[in-house]
Amino acid sequence: MELPAEAKAVAGKNSLNRHAARHGLLAGTAVVVRALQRDTALQQLIADQYGIVVSENELKWVALRPGPKEFDFAPGDAFVDFATKNKLLIRGHNFVWHNSVPSWLLRDPGSYDVRQLLAEHIQTVGARSRGKMNSWDVGNEAILPKDGREDGLRKSFWFEHIGPDYIDLAFRTARAVDPTAKLTYNEYGMEYDNEDESERRKQILALLRRIQQNKVPLDAVGIQAHIKANATSAIGKGLSDFMEAIRQMGLEIYLTELDVNEDDITSNDIATRDHEIAQTYRHFLDVALANPAVKLVLTWGTSDRSTWLNGGPTHHRKQPNRPQRSLPFDPAYKPTETFFAMRDSFDTRGKVHGA
Ligand code: XIL
């Protein structure tokens, strides 16, 4: 497949990253290395549009650790090579996440010193990527108030086997092995004005404060921003206040996994759906970009040809037979209304306040 004329027309000075750069931002995308390797049009599109990339899965434990003593670096290295060749900055994702524990470890945790295993993992992977990373997601999704703990920590595998200080350990080890990567705490579920996310915001801020009080190295907070079209709650004051609190702690803010789930749109008309999706992006970005601490905006994928929202079982989806249009490029790599909404929001940064 060749890049369509519509995609070529928005390269160069019309690209997302050029518009972002004028307002102190870098635009980026998540990539799936295997799909990228056999798709030269996608390679071109990413090189044209972005200034930073993150690997969707290749640097997670499950990808890197086929066995207790083995490392599989091939896909992660291919990702880093692609970025380097195309002069793109790189985010590492991630060092510790409840959802990426290899099966050999889950099956038989008693056979390992899990604390040492985590430290050694970060030392080995961090040494290989040393000096190459703009930022590393060190801790991912550690907060889950529903687990009932006062500190809001999720009772994850890492928590259960190491204790609440597994987060400190991960950040300290990451800083020691690669002092130039910005160390990031990455989370979901803090975008909306509702009770659940308000509680999550409170617990996330408390965690960040504990990290700083303990003099644990931390540079940035990642707001995943997996948002929804037609959501029942609003995006506004809750998010703005939360971001301002983070800014006042001296931390940077990255929008790390932005996409829009459009299952709640009832119309099947593509133009109508695209418009609602683009409006959802626009409003979120207008609110978020009003805070000057925001430095990076990455979508979780590039084109609707491949989005995690279409992966996995479809039975729980409200629109099981309707592939999601959730990203700035459609399956033919033409820019959608979302592309232009993102660019417009970059252009008007500091001039509009969506909140
Ligand atoms: C997702 C990937 O997109 C999927 O391909 C994979 O099967 C599961 O993980 N929050 C995160 C990401 O931090 O790592 C997740 O990525 C999406 C939610």
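The values are calculated or read from the model by the stated rules, or taken from the named source; none is laboratory data. Just so it is clear, the structure is predicted and the values come from calculations on it, not from any experiment. Quick reminder, even Gly has a Cβ in these numbers, built from the backbone with ideal geometry, and neighbours come from all protein chains shown. Only protein heavy atoms, including side chains, enter the accessible area calculation; ligands, DNA and RNA are left aside. Shrake-Rupley method; radii C 1.70, N 1.55, O 1.52, S 1.80 Å.
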| request: Take the Cα atoms of region 193-301, find their three principal axes, and give me the spread along each one in whole Å, biggest first. | output: 53, 27, 21
| the chain - Debye-derived log10 I(q)/I(0), Cα point model, q = 0.07, 0.11, 0.15 Å⁻¹ | -0.28, -0.73, -1.41
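Quantify how much of the Cα-Cα distance distribution of region 294-355 extends past 17 Å, in percent.
Of the Cα pairs, 52 percent sit more than 17 Å apart.
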| request: Assuming 1.002 mPa s and 20 °C, estimate D for region 233-355 with Stokes-Einstein, Rh taken as the Kirkwood radius over Cα pairs, in µm²/s. | output: 140 µm²/s
| Mean Cα-pair separation over length for region 98-246, i.e. relative contact order, pairs under 8 Å, 6 or more apart, % | 25 percent
| Based on the alpha-carbon gyration tensor of region 28-83 and its eigenvalue square roots a ≥ b ≥ c, which shape applies: rounded if a/c is under 1.5, prolate if not and a/b is larger than b/c, or oblate? | prolate
| request: Over all directions, average the projected area of the Cα convex hull of region 1-132 and note it in nm². | output: 9.4 nm²
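Tell me the relative contact order for region 216-261 as a rounded percent, counting alpha carbon contacts under 8 Å between residues six or more apart.
Relative CO of region 216-261 lands at 65 percent.
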| query | Once whole DSSP H runs in the chain are found, which of them have Cα atoms spread over 18 Å or more along the helix axis and a mean Kyte-Doolittle score of at least -1.0? | reply | 114-128, 270-289
| request: Return the carbon/sulfur percentage of the accessible area of the chain, one whole number, probe 1.4 Å, all protein chains in place. | output: 50 percent
| query | Measuring with a 1.4 Å probe in the full set of protein chains, what accessible area per residue, in whole Å², belongs to the chain? | reply | 42 Å²
| query | What shape does region 96-144 have by the C-alpha gyration tensor, where a ≥ b ≥ c are the square roots of the eigenvalues, rounded means a/c under 1.5, and otherwise prolate means a/b greater than b/c and oblate the rest? | reply | oblate
| task | Sort the following peptides by mean Cβ neighbour count (other Cβ atoms within 10 Å, averaged over residues), highest first: 221-229, 295-303. | result | 295-303, 221-229
| request: Determine the gain in length on full extension of the stretch Glu150-Ser111; use 0.36 nm per residue of separation and subtract their C-alpha separation, reporting nm with one decimal. | output: 11.0 nm
| task | Could you list which residues have their amide H under 5 Å from that of Asp72, counting only those 5 or more apart in sequence or on another chain, with H placed in the peptide plane? | result | Arg65
| Neighbourhood charge, 12 Å Cβ-Cβ cut-off, centred on His275 and excluding it, Lys, Arg +1 and Asp, Glu -1 | -2
| remark: Residues whose modelled amide H sits under 5 Å from the amide H of Ser55, counting only those 5 or more places away in sequence or on another chain, are Val31, Arg91, His93
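Where both residues lie in the chain, what percent of DSSP beta bridges are antiparallel, nearest 5?
DSSP beta bridges in the chain are roughly 5 percent antiparallel.
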| query | Can you give the helix-only mean residue ellipticity at 222 nm for the chain, where every DSSP H stretch with n ≥ 4 adds -39500 (n - 2.57) and the sum goes over all residues, rounded to the nearest 500 deg cm²/dmol? | reply | -11500 deg cm²/dmol
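Would you work out the relative contact order for region 5-353, in percent, from Cα pairs under 8 angstrom that are 6 or more residues apart?
Value for region 5-353: 16 percent.
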